[in-house]
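Laboratory data are not the source of any read-out in this text; all were calculated from the coordinates shown. Please read all numbers here as calculations on a predicted model, not as lab measurements. A quick note on method: Cβ atoms are made from the backbone with ideal geometry, for glycine too, and the neighbour counts reach across all protein chains shown.
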Amino acid sequence: MLFLQVSNCNGLRDIDCKYRQSSRLAKDFKMPSYSQLSRLNKNKSVDIFSYIFEELLGKAEKEIKSPINMKNFHDIKIIDSSMICIGKGLAPNLYYQEKDSAVRISTLLSYGTKLPTKITIVPAKIGERTCIDNYVSDKKSIYLFDKGYSKYSWYDEMTTKQIRFITRQHSNTGTEEYIKVQIPE
């Protein structure tokens, strides 16, 4: 499956075609027909694909160094999410609204390496902010996200932990400026 993903296959017939074109792959692996692939993968745990992704990402992060090298921070991390609609008949357990089912894909991307650091896929009914609970922890990075993630208690928590972030605010948001004063001893 990993070879097929990396080969940019666009469908089951494409998978079959690319497999047949690779004599080395055909020699080393017995591939089921494209009509059986969907059925065979139906019961596979997503954990195996998650593990493979995390292992490959770890190796890529060691190889690709960020060109960002500032005195006060070492990377910019971008958080965003997208909804992918699926026909309700195909995924009734992911029902979102009216005729659609959907999933939400949230991504934490390193601007420096251009690699995703974390990816979460959940039913679309789960809110954007809830999907990224474990995304923000590095005090040496600056996090960038849009106003869809507004939760003021979360902003306070990040500020208390000295985590830096940039976001757009709603037009009716009130703000306060804190001035750090040092008292001489």
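Say the dipole of the stretch 66-167 comes from +1 at the beta carbon of Lys and Arg and -1 at that of Asp and Glu; which of F165, P92, S66 then lies farthest toward its positive end?
Among F165, P92, S66, the one farthest towards the positive end of the dipole of the stretch 66-167 is S66.
Could you order the peptides 79-87, 166-174 from most to least packed, using the average number of other C-beta atoms within 10 Å per residue? Let's see the in-between values first.
Details: 79-87: 15.7, 166-174: 9.2.
Peptide ranking by packing, descending: 79-87, 166-174.
If you put +1 on each Lys and Arg Cβ and -1 on each Asp and Glu Cβ, how big is the dipole of the stretch 66-167 around its Cα centre, in Debye rounded to 20? Could the numbers behind the result be given before it?
Details: 15 positive and 10 negative charges, 39 e Å.
Approximately 180 debye in magnitude.
Determine, for each peptide in 151-161, 41-51, the mean count of other beta carbons within 10 angstrom over its residues, then list the peptides with the highest first. Can you show the working numbers first?
Numbers: 151-161: 11.5, 41-51: 9.6.
So the order, starting with the most tightly packed, is 151-161, 41-51.
Restricting things to alpha carbons, find the Rg to Rh ratio for the stretch 66-167 using the Kirkwood radius for Rh.
That ratio is 1.06, to two decimals.
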